[in-house]
Amino acid sequence: MPAPIATALPASVMLPVHSALPLSTDLPEDIDVSDVVADVSDDGVSAPSDEASELAAVVDRAAEHGIKLSIVVLDEDPGRDSQLRDLATEVGAEEGGTVLVLSPSWVGTYSDSISRVLLESGQDRTYTGDAVVSANHFVDEVIEPGPPWALFTALIVAIVVIASAATFFAKSRRASVSRDDTAEKGDSASGAGTSYERQKP
């Protein structure tokens, strides 16, 4: 039986690795990124006309604090909330700065200068259903971050746990000492009785 023939590929030949390919961007349906970017490049806003001027004022307020902000407002919620973040990322790749994308129920953000932690903190304040109010809340949080309530809560819980453990340890120790004292008194009483009996005639 002939030996199997081994085929060697040249070092320059690379096999495709599908897992290494970047995932495609998931954008909301009927959204043309180039149109959105064109709107945003004008005044920082891509939104229905009845909200555009007020949102442009929010963009100007953010600029006064050194934040280049773009706001995109969609009339309807997309199929997935993650699509808003993908749209914000696409617009940010073209425009730079910070991008806030709002739909009636969801929000997505992107920034090349603000941390994801702060962005998400700002997002938590934007679920109002009103694009102008939501955008103002977002800017307020980014400009002057509120107290880190999550950290405060964690510290309080840790203090309570430590105090409870210390109290439990103290009570256990006190109970152990009390049992030892009781045992010693019992032994002393037993020894005294024995001595007395020995002294009887």
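The values are calculated or read from the model by the stated rules, or taken from the named source; none is laboratory data. Every value quoted in this text rests on a predicted model; they were computed, and no experiment measured them. Positions of Cβ are backbone-derived with ideal geometry, glycine not excepted, and every protein chain shown enters the neighbour counts.
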Segment 107-126 - residue that is part of a helix (DSSP H, G or I) and among the polar types (S, T, N, Q) and, of those, surrounded by the fewest Cβ atoms within 10 Å (Cβ to Cβ): SER121
Residue within segment 41-56 that is touching a Leu at 6+ places or on another chain (Cβ under 9 Å), acidic (Asp, Glu) and surrounded by fewer than 22 Cβ atoms within 10 Å (Cβ to Cβ) present: yes
Single match in PRO145, PRO104 (criterion: surrounded by fewer than 20 Cβ atoms within 10 Å (Cβ to Cβ), modelled with pLDDT of 90 or more and either among the hydrophobic types (A, V, I, L, M, F, W, C) or touching a Leu at 6+ places or on another chain (Cβ under 9 Å) (or both)): PRO104
Sole exception among (1) at pLDDT 95 or above; (2) surrounded by 13 or more Cβ atoms within 10 Å (Cβ to Cβ); (3) in a helix (DSSP H, G or I) for ASP60, by number: (2)
